[in-house]
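Rule-based calculations on the coordinates, nothing more; no lab input. Here the structure is a predicted model, which means the values were calculated and not measured. Quick reminder, even Gly has a Cβ in these numbers, built from the backbone with ideal geometry, and neighbours come from all protein chains shown.
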Amino acid sequence: MNNKCVFCGNIHFTEKKVQYIYKNNTDFIIVNDVPCQVCSFCGEQYFQGKDLEIIEDLFVDIHNNKRQSRKKLEVPIEEFGDIFS
Ligand SMILES: [Zn+2]
C-alpha cells in the first residue's frame, strides 16, 4: 500500500496487526489486531483508509448505544502537575 515512508523515506515495510486507539475529544475506543504496514526503519504505522472508516463507524455506533463493545477497560488518569503533590 505504501511505496515510501513519508517520515523517513524508507521503502521497506512489514505487515503487522496492532492495537489502534481511536480518540474523539475525551472518548476513546481501542481496537486490537488492526492490520497495518509498519516502516521497518522508523516504525511509523500505515493503515488502510477503509479500515479506519470501519473503526470510526464502530466508535459512533458504540457511543450512540447502537452497539455494545465486547470488553471494557478501566484506565487510571492523572494530571501531570499533580503527580508529585
Ligand atoms: Zn519510516
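Could you name the lysines whose alpha carbon sits less than 28 Å from that of LYS4, not counting residues in the same chain fewer than 8 places away?
LYS16, LYS17, LYS23, LYS50
Under unit Cβ charges (Lys, Arg +1; Asp, Glu -1), what dipole magnitude, rounded to 20 debye, does the chain have relative to its Cα centre?
The calculation lands at about 360 debye.
Loop by DSSP (not H, G, I, E, B), at most 16 other beta-carbon atoms within 10 Å: where is the longest site-free stretch of the chain for trypsin sites (Lys or Arg not before Pro)?
With trypsin sites (Lys or Arg not before Pro) excluded where exposed in loops, the chain gives 5-65 as its longest stretch.
Just to confirm the filter: which GluC sites (Glu not before Pro) across the chain are DSSP coil and have at most 10 other Cβ within 10 angstrom of their Cβ?
Within the chain, the qualifying GluC sites (Glu not before Pro) (loop, at most 10 other Cβ atoms within 10 Å) are GLU74, GLU78, GLU79.
Can you run phi through the Karplus equation (6.51, -1.76, 1.60; θ = phi - 60°) for region 51-56 and list ³J(HN,Hα) in whole Hz, with x for Gly and Pro?
For region 51-56, the Karplus curve yields 5, 5, 5, 4, 5, 5 Hz.
What number, rounded to the nearest 500 deg cm²/dmol, is the helix-based mean residue ellipticity at 222 nm of the chain, given -39500 (n - 2.57) per DSSP H run of at least four residues and division by all its residues? Let's see the in-between values first.
Numbers: 1 runs with 15 residues, N = 85.
-6000 deg cm²/dmol, from helical runs alone.
Which shape class applies to the chain: rounded if a/c is under 1.5, otherwise prolate when a/b exceeds b/c and oblate if not, where a ≥ b ≥ c are the square roots of the Cα gyration tensor eigenvalues?
Here the chain falls in the oblate category.
Could you list HIS12, HIS63 in order of exposure, starting from the residue whose Cβ has the fewest other Cβ atoms within 10 Å?
HIS12, HIS63
At most 12 other Cβ atoms within 10 Å and a DSSP loop assignment: could you name the chymotrypsin sites (Phe, Trp or Tyr not before Pro) in the chain that fit?
Sparse-neighbourhood loop chymotrypsin sites (Phe, Trp or Tyr not before Pro): PHE7, PHE84.
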